[in-house]
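Let me begin by presenting the structure, written as structure tokens, before commenting on it.
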Amino acid sequence: MSPPASPTTTPAAVPTPRATAHGNPIPTDGPIGELLAAMGRSEMRPAHIHFIVAAPGHESVTTHLFVEGDPYLESDAVFGVKDTLIAPFTRCDDPSQAAEFQIGSPFYLLEWDFVLARTGDAC
Ligand SMILES: [Fe+2]
């Protein structure tokens with residue numbers, strides 16, 4: 001019998017050159033566009049970043065995080081926003097920190113703890 005799964009926290013720092021409150025539209029040139037129009041819904045998604053997080057001995061997780069303050073958080077075209085997926089991105093103006101990430105300055109930094117469940121065959 002496998003030991004009970006216990007969560008593991010995987011911290012991550014994600015530098016990004018832009019964390020502005022700019023969402024993006026989904027394609028509207030097919031039946032989805034017709035459906036959104038018929039429902040009077042916007043085609044806009046709030047700004048977000050996708051993640052696949054994996055570690056040996058743990059279940060991987062695929063998710064996305066949304067930029068706190070985005071004007072489309074309440075009207076996401078695909079209903080993907082949950083409060084627990086809204087994340088604060090902090091503007092960083094430190095050129096030495098930007099150089100560390102090999103990115104231009106200023107940039108935005110997200111610090112987030114991803115929690116992975118252990119698989120049954122983990123040590
Ligand atoms: Fe996306």
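The values are calculated or read from the model by the stated rules, or taken from the named source; none is laboratory data. Quantities reported herein were computed from a predicted structural model and do not represent experimental measurements. Backbone-built Cβ (ideal geometry, glycine too); neighbour counts: all protein chains shown.
Brief remarks follow.
- Top-ranked residue of segment 14-45 - restricted to ones that are modelled with pLDDT under 90 and small (Gly, Ala, Ser), ranked as surrounded by the fewest Cβ atoms within 10 Å (Cβ to Cβ): 21
- Contact annotation: residue pairs with Cβ atoms under 7 Å, 6 or more positions apart or on different chains, pairing a residue in segment 25-44 that is within 12 Å of residue 75 (Cβ to Cβ) with a partner that is surrounded by 13 or more Cβ atoms within 10 Å (Cβ to Cβ) and β-branched (Val, Ile, Thr), are 36/28; 43/26; 43/28.
- Count of residues meeting criterion [hydrophobic (A, V, I, L, M, F, W, C) and out of contact with any Ser or Thr (no Cβ under 9 Å at 6 or more places or on another chain)] in segment 21-60: 6
- Residue in segment 54-73 that is farthest from the ligand (Cβ to nearest atom), counting only those that are more than 17 Å from residue 90 (Cα to Cα) and not in a loop (DSSP other than H, G, I, E, B): 58
- Residue list for segment 29-47, restricted to those being in contact with an Asp or Glu (Cβ under 7 Å, 6 or more places away or on another chain) and assigned to a loop (DSSP other than H, G, I, E, B): 46, 47
- Applying the criterion of being part of a loop (DSSP other than H, G, I, E, B) and in contact with a Pro (Cβ under 6 Å, 6 or more places away or on another chain) to the residues of segment 85-103, the residue that is surrounded by the fewest Cβ atoms within 10 Å (Cβ to Cβ) is 93.
- Residue count for segment 74-90, restricted to those that are more than 14 Å from the ligand (Cβ to nearest atom), over 12 Å from the mean Cα position of the chain (by Cα) and touching a residue at least 24 places away in the same chain (Cβ under 8 Å): 1
- Restricting attention to segment 52-84, the residues being surrounded by fewer than 16 Cβ atoms within 10 Å (Cβ to Cβ) and aromatic (Phe, Trp, Tyr) number 1.
- Total residues in segment 104-114, condition surrounded by 12 or more Cβ atoms within 10 Å (Cβ to Cβ) and closer than 21 Å to residue 52 by Cβ: 6
- Residues in segment 28-53 that are away from the ligand (no atom under 16 Å from the Cβ) and farther than 23 Å from residue 86 by Cβ: 29, 30, 31, 33, 34, 35, 37, 38, 39, 40.
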